[in-house]
1. Look at the range 73-111 and say how many of its residues are assigned to a helix (DSSP H, G or I), among the basic types (K, R) and open to solvent by 20 Å² or more (accessible area, probe 1.4 Å).
2. Tell me, please, whether a residue that is more than 25 Å from the chain's Cα centre (by Cα) and crowded, with 16+ Cβ neighbours inside 10 Å can be found in the range 302-313.
3. Please determine whether any residue of the range 529-543 is touching a strand residue (DSSP E or B) at 6+ places or on another chain (Cβ under 7 Å) and of a type outside the set (D, E).
4. Restricted to the range 388-400, and to residues that are within 22 Å of the chain's Cα centre (by Cα) and at pLDDT 90 or above, which residue is most open to solvent (accessible area, probe 1.4 Å)?
5. How many residues, within the range 575-610, are touching a strand residue (DSSP E or B) at 6+ places or on another chain (Cβ under 9 Å), polar (S, T, N, Q) and more than 14 Å from G644 (Cβ to Cβ)?
6. In the range 438-467, what count of residues is obtained for those that are among the hydrophobic types (A, V, I, L, M, F, W, C), free of Cβ contacts under 8 Å to residues at least 40 places away in the same chain and within 13 Å of M415 (Cα to Cα)?
7. Does the range 596-617 contain at least one residue that is touching a residue at least 12 places away in the same chain (Cβ under 8 Å) and within 29 Å of the chain's Cα centre (by Cα)?
8. Can you tell me how many residues in the range 425-457 are within 21 Å of S468 (Cα to Cα) and in a loop (DSSP other than H, G, I, E, B)?
Amino acid sequence: MSFDFHDVVALLDRLSRPNPPRPHVFLVGSALTMPLAGHRGVPGIGGVVELIRQHYRSEFPDAVAAFEQYIATSGVNQYQAAFRHLNGRGGLEDANRIVRQAVLHAYAGSPVPDANDRKACERAESMVDAWPLSPWVEALGELLKQADGRRLDPLILTTNFDPFLSVSVRRSGGTTYRSVLDRDGNLGQVSGDGCHVVHLHGHWCIGDTLHTPTQLATERRGLKESIRRLLANKTLVVLGYGGWDDIFTSALIEALQSSQDRIELLWLFREARADAETKYAPLLGRLRAGYERGEVALYDGIDLCSLLPALRDRMRVGSSAPPSASGASGAGGAPLSRPEDSPPHSADEVLGRREQKTALLGACQNKQAVQILGLPSSGKTWLLRWVRWVAPVGWKIAEVRAGGLAGQSPKDLVMAIAAASAQLSAATTGFAAHAAVSPARAAERVLRSLLPLVVLVDDADKLADQHSFDAGFFDELRSQCQERKLWWVSASQDELASLFQKTGLTSRFLNDSLKVSVGSLEPDALLPLLQGLRPEQSECVLQVGGCLPLETRWLADWMRREPIHAPTAIELSQRASDALLMQMQTTFASRWRKLKRAEQTLLRRCTEGPIAYAGLADHERTWMLKLHQQGVVMEGPSGYVTNGTAWGRFVRGPHGR
């Protein structure tokens, strides 16, 4: 009896149906966070084996030949063989350190922690903005953040050691708690708020990590029973995981054979049917009984890079009404107090920005390239994503994060664009066909094959970091925009032309692009955030947070969570300012560092009292206008002051010096 395989259309229909008989739970493997389509990630099997090889060259140079022979002849895959051989000369901590080295390949923060320092690695994990997310990992985080236990359970299982699942959920505005299973354990003893992330083979900086066949297959009866109870009456969706002969797969097969657990299984293969049946024959043999009972469904040709964004868009709840340039509230006028780095779910959820939206609408008509400019956490990303709702009908949309690219080159960028627009296979074929020309010229030709296209590039400053772009590639972008086949919109802290000019590259494409700055919100745009607050609370939010979107959103939510009845307005303001300053310390410091020394000096003067425009020298007026445009100062009746008392306290305090 042969197996039937279904396609991605059937899969999306099944996963997104409004009222499934049981919720879905994802199990994801290493393919989720590997470097793919030009995006940074954790090295795969070959990359980890190379790290072990480097360890041998450093620590055991006389054993390198034996190591190479063993991994070539051991009869197990190279990854497991390499760790098994390492066990003979090193201990668990050697293996754990190599795992930390591998995970840190995906870290974009500075400085990169020492892999020997677990505490430093834990601190790095808490820096969620320092982990570049691919579009598919970002989409999965959004799905898990919205999981309500109906279509999708707020639970995810992974054999990966890295923190990307927790980071992606937290970056989307959700919360997580985790279980790290490096030995026998009882998942029923674990509880928390938000999404439960279960690391089946260990975690990169907590406990030990499991790699060898003996470690992975060792009987862990308590864990086995916990997994069966955890998945009872659920549908498990297996993605990017090859079905190793480990304790989890054994528990899953036993659960499928049980009449009590009532588990259904959807196994997703990247390969086409014929290749999947050959490559995974032993696994399919173990699944056959469940398949014959109708409890297992198989899917072939599933590309996780395009599946997860497509599923996110299919399951997303939001207004589909055409956007206006003045939208300031969500459906039903509900409060819209979600974190600024959480993606908007409808066009009108992007508050205010009337001038900027009008400029973007005009640029869309002519397909003029646009650079959205602003300081850290000023709302650039939200405005960038608003473009989705004004994009030309029928055009594909590719949203990429430049900081997450594997390298800063035309090929890396085009491959990321292809992955984000569900055209990765065509791009891969295209680069192979143009292998005889230079990578930059091949990237131009492949890009043409992906059009028409809207390209949204977040964190675009990173494109200029140790790049290999040339004027010819940017000329190609300019030409395609002029032919109205491409619309490029980027978000960055600095103008791209000046960043590339520092590397010796000038471009008419970058020079001629429309510059749209984001800073303070219009006062009336803040009103939806204040719904449900008492008048004195609303006044306090505006006084302490100013008209900055991130501060106002957070402080309004804090007021709802912590309904403090302070005896005086002064005490309420003090408590709110203390809370916001503690929460925003890192954000404020990041903004402060982006300012020039002269701008910092002028900003400190604003904390001493209002500064009248007429009292400024010519060069100071230029600086003040820039500070006002960036939203770090606001103009009151008596002159310029810092935007919000909490920000003013930071500027005036020791961190602002």
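The values are calculated or read from the model by the stated rules, or taken from the named source; none is laboratory data. Predicted, not measured: the structure shown is a model, and the values here were computed from it. Here the Cβ is made from the backbone with ideal geometry for all residues, glycine too, and neighbour counts use every protein chain on show. SASA here: full protein model, heavy atoms, side chains in, ligands and nucleic acids out. Shrake-Rupley method; radii C 1.70, N 1.55, O 1.52, S 1.80 Å.
1. 2
2. No - not one qualifying residue is present in the range 302-313.
3. Checked against the condition, which is being touching a strand residue (DSSP E or B) at 6+ places or on another chain (Cβ under 7 Å) and of a type outside the set (D, E), the range 529-543 yields no hits at all.
4. My answer is K396.
5. Of the residues in that region, 0 qualify.
6. Selection size over the range 438-467: 5.
7. No: zero hits.
8. 5
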